[in-house]
Amino acid sequence: MNDTFLPDIARLVDVRDETPDTKTFTLHFRDLKNREDFHFLPGQFLELSVFGYGEAPFCIASSPTRPDTLETTVRRTGQLTDALHRLGNGEEVGVRGPFGNGFDVEAARGRDLLFVAGGIGLPPLRSLIWNVLDERSRFGKVTILYGARTPADLVYKQELKEWGKRSDVELHFTVDMADASWTGNVGVVSTLFRQISLKPESTIAYVCGPPIMIRFVVQDLLALGFKAEAVISTLERMMQCGIGKCNHCAIGHRYVCRDGPVFNYSQIRELVE
């Protein structure tokens with residue numbers, strides 16, 4: 001990116017429905033040099049502009065191990081996201097970024113990894129999950145726990161099937177409210193802890209989802225023996241500019257957009273206390 005404040009133009013090359021209110025957008029920069037220069041870490045985010053409606057931050061849902069693909073998954077929640085959902089293949093948006101600190105992939109090498117996601121909290125973790133799976137031999141046991149409100153609200157349904165068939169991944173998912181076709185677990189995502197075995201001393205846990213879900217999952221992980229530094233999450237606190245200038249996301253002496261959005265629980269506890 002030549003100017004942090006100016007968006008580069010990207011074209012939508014694929015728009016995929018995930019749920020009734022959530023879509024995944026695949027972007028290609030119009031300028032080939034911008035496409036070649038765009039490098040990111042799992043957990044970073046971009047600022048996406050829908051011209052005539054404004055700009056907002058969204059996670060990068062694709063993996064840096066697949067540099068030809070840049071994806072973001074967006075739930076329709078307001079005027080800007082509604083306008084984005086109306087766009088189709090070939091239409092253009094503005095992109096700034098990447099921003100934020102991202103997950104420390106190097107620190108995870110050789111460790112067992114536990115991913116706990118709720119609802120739209122899976123997209124930020126998907127980037128890291130695919131990074132890990134594309135370099136599978138460099139990591140220990142991989143466990144994925146995912147919960148959604150209903151079966152229709154599960155995102156990445158095809159990928160869930162793919163992960164579930166892998167012998168090197170343990171996947172469990174649940175819904176809060178079942179429908180007539182659902183035969184799986186019913187309950188909040190933390191109920192899945194009963195179905196897995198963990199070694200807290202050698203495992204890093206990544207947690208993302210609604211704030212209330214994160215709160216209870218972190219409490220359960222600490223009770224299981226996880227150290228606060230080994231429980232890692234992402235914060236979304238009214239991020240706006242992406243570079244720590246507008247003060248919208250300031251918490252104490254840190255900016256979520258610049259110092260985060262990835263923090264371990266020890267850092268989060270320091271910020272909120």
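The values are calculated or read from the model by the stated rules, or taken from the named source; none is laboratory data. The structure displayed is predicted, hence computed values, not measured ones. Here the Cβ positions follow ideal geometry from the backbone for every residue, glycine too, while neighbour counts run over all protein chains shown.
When GLY94 is tested against (1) over 26 Å from GLY209 (Cβ atoms); (2) within 17 Å of the chain's Cα centre (by Cα), exactly one condition is not met: (2). In the stretch 220-240, the qualifying residues are those that are of a type in the set (S, T, N, Q) and farther than 15 Å from LEU145 by Cβ, and the one that is surrounded by the most Cβ atoms within 10 Å (Cβ to Cβ) is THR234.
Candidates PHE173, PHE103, PHE139, PHE115: the one that is touching a Pro at 6+ places or on another chain (Cβ under 6 Å) and either at pLDDT 95 or above or closer than 22 Å to LEU221 by Cα (or both) is PHE103.
Inspect the stretch 252-266 for any residue being free of Cβ contacts under 8 Å to residues at least 40 places away in the same chain, on the phi > 0 side of the Ramachandran plot and outside the structural domain of ARG149 (by TED's automatic domain parsing) and give the result as yes or no. Yes, the stretch 252-266 has at least one match. Evaluation of PHE99 against the conditions (1) closer than 23 Å to TYR156 by Cβ; (2) crowded, with 21+ Cβ neighbours inside 10 Å shows that the sole unmet condition is (1). Just one residue in the set LEU154, LEU192, LEU160 is free of Cβ contacts under 8 Å to residues at least 40 places away in the same chain, outside the structural domain of GLU18 (by TED's automatic domain parsing) and among the hydrophobic types (A, V, I, L, M, F, W, C); that residue is LEU160.
Annotation note: Cβ proximity below 7 Å between a residue of the stretch 72-85 that is without any contact (Cβ under 8 Å) to a residue 60 or more places away in the chain and more than 20 Å from SER62 (Cβ to Cβ) and a residue that is in a loop (DSSP other than H, G, I, E, B) and not acidic (Asp, Glu) (sequence gap 6+ or interchain) occurs for GLN79/TYR53; LEU80/TYR53; ASP82/ARG76; ALA83/TYR53. Out of ILE204, ILE196, one residue alone is at pLDDT 95 or above and within 30 Å of ASP68 (Cβ to Cβ). It is ILE204. Taken over the stretch 25-48, residues that are over 19 Å from the mean Cα position of the chain (by Cα) and either closer than 19 Å to THR4 by Cβ or of a type in the set (Lys, Arg) (or both) amount to 8. In this entry, GLU135 passes the filter for residues that are touching a residue at least 60 places away in the same chain (Cβ under 8 Å) and either more than 18 Å from ARG75 (Cα to Cα) or crowded, with 20+ Cβ neighbours inside 10 Å (or both). Of all residue pairs spaced 6 or more apart or on separate chains, those with beta-carbon atoms under 7 Å, a first member in the stretch 112-125 that is surrounded by fewer than 23 Cβ atoms within 10 Å (Cβ to Cβ) and a second member that is part of a helix (DSSP H, G or I) are ASP112/SER202; LEU113/VAL132; GLY119/ASP153.
Is at least one residue of the stretch 44-57 touching a Gly at 6+ places or on another chain (Cβ under 6 Å), surrounded by 19 or more Cβ atoms within 10 Å (Cβ to Cβ), at pLDDT 95 or above and not in a strand (DSSP E or B)? Within the stretch 44-57 (the criterion being touching a Gly at 6+ places or on another chain (Cβ under 6 Å), surrounded by 19 or more Cβ atoms within 10 Å (Cβ to Cβ), at pLDDT 95 or above and not in a strand (DSSP E or B)), the answer is yes, since at least one residue qualifies. Filtered by the rule that a residue be under 29 Å from ALA107 (Cα atoms) and either in contact with a helix residue (DSSP H, G or I) (Cβ under 7 Å, 6 or more places away or on another chain) or in contact (Cβ under 8 Å) with a residue 40 or more places away in the chain (or both), the stretch 40-61 gives PHE40, LEU41, PRO42, GLY43, GLN44, PHE45, LEU46, GLU47, PRO57, CYS59, ILE60, ALA61.
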